[in-house]
1. Quick check: at a probe of 1.4 Å, how many percent of the accessible area of the chain sits on carbon and sulfur atoms?
2. If Lys and Arg each add +1 and Asp and Glu each add -1, what is the summed charge of the other residues whose beta carbon sits under 12 Å from the beta carbon of residue 39?
3. Compute the signed sum of charges (Lys and Arg +1, Asp and Glu -1) over the other residues within less than 13 Å, Cβ to Cβ, of residue 74.
4. Quick one: if you stick a label point 7 Å off each Cα along the C-beta vector at residue 69 and residue 49, how many nm between them?
5. Taking amide H atoms as placed 1.01 Å from N in the peptide plane, list the residues 5 or more away in sequence, or in a different chain, whose amide H sits under 5 Å from that of residue 53.
6. Which stretch or stretches of segment 38-75 have amide N atoms under 18 Å from the point lying 7 Å from residue 31's Cα along the Cα→Cβ direction?
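The values are calculated or read from the model by the stated rules, or taken from the named source; none is laboratory data. Since the structure is predicted, the reported quantities are computational estimates derived from the model, not experimental observations. In this analysis, Cβ positions are derived from the backbone assuming ideal geometry, glycine residues included, and neighbour counts consider all displayed protein chains. Heavy atoms of the whole protein, side chains included, go into the accessibility calculation; ligands, DNA and RNA do not. Shrake-Rupley method; radii C 1.70, N 1.55, O 1.52, S 1.80 Å.
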Amino acid sequence: MEKFKRKSRITGEYYYLFESVRILNLKQGAAYIGHGVMPLDIYTSKDNDGKPVLVFLFDREETREVYDLWCKHEL
C-alpha cells in the first residue's frame, strides 16, 4: 500500500493514487476547481506525442457529483 502513497506538491498532504482520478483536460480541471473541488496534486507529464501536459489529481469520491455534471454538460 505504501508504494501507492504520494505526498502532494501542492498541499503537502498524503494521498493514495488508487483513490484519485487524473484529469488532463484543462477546462475540466478548472470547472472542478470552480465548483469547489480542490485538486490533491498538480504536476506536469507528457502526452502520447511527447508534448507537455498539466495533470490534475482529484479525490475520486469528491469528484463523483461534478463528474456527473461534466458528462451532462451542466458544469
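1. Numbers: 2880 of 5530 Å².
C and S atoms contribute 52 percent here.
2. Working: positive: 9, 22; negative: 13, 41, 59, 62.
Surrounding charge for residue 39 is -2.
3. That works out to -1.
4. Computed distance between label sites residue 69 and residue 49 equals 3.2 nm.
5. Result for residue 53 returns 45, 46, 47.
6. 38-39, 54-75
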